[in-house]
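Data first, discussion second: the structure below is written as structure tokens.
The values are calculated or read from the model by the stated rules, or taken from the named source; none is laboratory data. Quantities reported herein were computed from a predicted structural model and do not represent experimental measurements. With ideal geometry, Cβ positions are generated from the backbone for all residues, glycine too; neighbour counts draw on all protein chains shown.
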Amino acid sequence: MQLNHLILNNFKNITEASLDFSPAINCLLGNNGMGKSNLLDAIYYLSFARSFSGLPDARLATRGCDFMMLRGEYTRKDTAEELTAGLVNGRRKSFKRGGKEYQRLSDHIGLFPLVLVSPADSDLITGTGEERRRLMDMVISQGDPVYLDHLIRYGRSLQQRNKLLHNHIVDHNLYLAVETAMAMSAHYIVSRRRRWVEELTPLFTKLYSDIAGDGETPAIAYRTHLDDNTTFESLLDNARRHDESVGYTTVGPHRDDLELSLNDLPVRRAASQGQCKSFTIALRLAQYDFLHRASGLTPLLLLDDIFDKLDATRVERIVAIVRDSERFGQIFITDTNRDHLDSIMRLTGARYKMWHVTDGNFEPIV
């Protein structure tokens with residue numbers, strides 16, 4: 001899969017831009033705050049119908065403007081595809097594929113797979129379990145629409161149960177109805193997450209070794225309240241009194257986590273900055289390999305300022321990995337250093353295009 005052309009109108013600080021991309025590598029050069037990451041966010045938005053920055057849709061339009069529009073022209077399975085996204089203040093957002101509006105945006109997830117590697121990935125190590133659950137859910141959902149449907153169903157039922165707890169409702173039949181619906185989805189979610197970690201681990205450990213060299217042993221473990229000897233209904237029943245006292249549901253897939261370790265110690269406590277960055281990059285590249293296999297498509301790879309805090313050896317090893325054109329397809333790279341980008345491009349030996357980015361404007365560099 002590849003993105004051939006992108007048109008942006010009033011997206012964040014990009015008032016207007018029309019860009020034709022290389023099928024291999026595309027480089028965005030410029031100081032921080034100029035719009036490099038905003039362009040990547042626009043590409044991300046067309047794959048996920050939301051911003052990777054976490055901003056609500058209403059805040060994506062350029063300041064002072066009441067609308068935003070994105071249009072991407074792709075080649076997917078040797079077929080031309082067009083995605084358009086539009087926002088107008090006070091109206092429901094529009095998201096179309098081939099000119100046809102989606103009835104459910106969840107139907108779009110996974111059709112145009114994408115992996116973003118960014119400085120915010122440090123939150124996977126230092127952040128709460130919510131960050132790591134979001135990683136699992138985002139990756140699995142792209143290759144398994146049934147999983148996404150169960151996530152949505154579980155979330156709705158969880159909200160209903162929390163409302164019952166918050167309002168101190170004691171009707172057993174109401175709890176039974178809600179918890180039965182939760183259980184149907186909980187078992188699928190947990191089993192799918194467990195299988196995903198099993199599939200991802202060998203991909204991840206090999207990539208970490210390729211980046212960091214030998215002598216370090218990384219690991220990922222899935223932590224959940226639900227195991228083969230426990231039903232979800234019994235978990236909720238055992239936690240009922242405590243849940244009633246705190247006013248929300250304290251057990252279930254929404255409390256699961258990933259345990260990340262290096263040499264049998266938690267990464268957040270034992271690893272250096274370079275090791276942490278190597279860990280998250282290997283995790284994202286393993287995500288890429290997983291999606292490639294699961295979808296049968298070559299995902300887009302977005303590398304947002306990822307080479308900072310890495311020594312030259314690790315940078316060269318990462319470049320050696322991603323320059324494999326049969327494994328990785330179209331790549332977008334941002335950086336603040338021209339010499340850095342030039343040296344990376346020399347290492348890849350691939351075709352590329354480069355733009356200098358200033359205040360949301362994109363000037364081709366020949």
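Things worth noting here:
- The residue pairs whose first member lies in segment 335-360 and is over 15 Å from I318 (Cβ atoms) and basic (K, R), whose second member is at pLDDT 90 or above and outside any loop (DSSP other than H, G, I, E, B), and whose beta carbons are closer than 6 Å, counting only pairs six or more residues apart or on different chains, are R338/L29; K353/N26.
- Unmet requirement for D243, which otherwise passes all of (1) among the charged types (D, E, K, R); (2) surrounded by fewer than 16 Cβ atoms within 10 Å (Cβ to Cβ); (3) farther than 24 Å from V319 by Cα: (2)
- All positions within segment 116-134 that are assigned to a helix (DSSP H, G or I) and surrounded by fewer than 20 Cβ atoms within 10 Å (Cβ to Cβ): P119, A120, S122, D123, T126, G129, E130, E131, R133, R134
- Hey, S185 surrounded by 14 or more Cβ atoms within 10 Å (Cβ to Cβ), touching a residue at least 12 places away in the same chain (Cβ under 8 Å) and outside the structural domain of L310 (by TED's automatic domain parsing) or not: yes
- Some residue of segment 210-228 being within 20 Å of Y248 (Cβ to Cβ) and surrounded by 21 or more Cβ atoms within 10 Å (Cβ to Cβ): yes
- Residues of segment 1-18 satisfying the condition of being surrounded by fewer than 20 Cβ atoms within 10 Å (Cβ to Cβ), in contact (Cβ under 8 Å) with a residue 40 or more places away in the chain and not in a loop (DSSP other than H, G, I, E, B): Q2, N4, H5, I7, N9, T15, A17
- Evaluated against (1) crowded, with 18+ Cβ neighbours inside 10 Å; (2) assigned by TED's automatic domain parsing to the domain that holds T75; (3) touching a residue at least 60 places away in the same chain (Cβ under 8 Å), R284 falls short on exactly one condition, (2).
- Hits in segment 62-109 - residues which are in a strand (DSSP E or B) and over 22 Å from L3 (Cβ atoms): F67, V88
- Where I189 falls short, out of the listed (1) in contact with a strand residue (DSSP E or B) (Cβ under 9 Å, 6 or more places away or on another chain); (2) β-branched (V, I, T); (3) modelled with pLDDT of 95 or more: (1)
- If you go through segment 24-52 and keep only what is small (G, A, S) and buried (at least 17 other Cβ atoms within 10 Å of the Cβ), you end up with A24, G30, G35, S37, A42, S47, A49, S51.
- Number of residues in segment 162-186 that are more than 16 Å from D237 (Cα to Cα) and in contact with a helix residue (DSSP H, G or I) (Cβ under 6 Å, 6 or more places away or on another chain) equals 1.
- Selection from segment 247-263 of residues that are farther than 27 Å from P218 by Cα and in contact (Cβ under 8 Å) with a residue 60 or more places away in the chain: G247, Y248, T249
- Scanning segment 53-63 for residues that are among the aliphatic types (A, V, I, L, M), surrounded by fewer than 21 Cβ atoms within 10 Å (Cβ to Cβ) and touching a helix residue (DSSP H, G or I) at 6+ places or on another chain (Cβ under 9 Å) yields a single hit, L55.
- Within segment 266-302, the only residue that satisfies the criterion of being in contact with a Leu (Cβ under 7 Å, 6 or more places away or on another chain) and of a type in the set (K, R) is K277.
- Meets criteria (without any contact (Cβ under 8 Å) to a residue 60 or more places away in the chain, farther than 14 Å from R240 by Cα and in the same structural domain as P253 (by TED's automatic domain parsing)) for L148: yes
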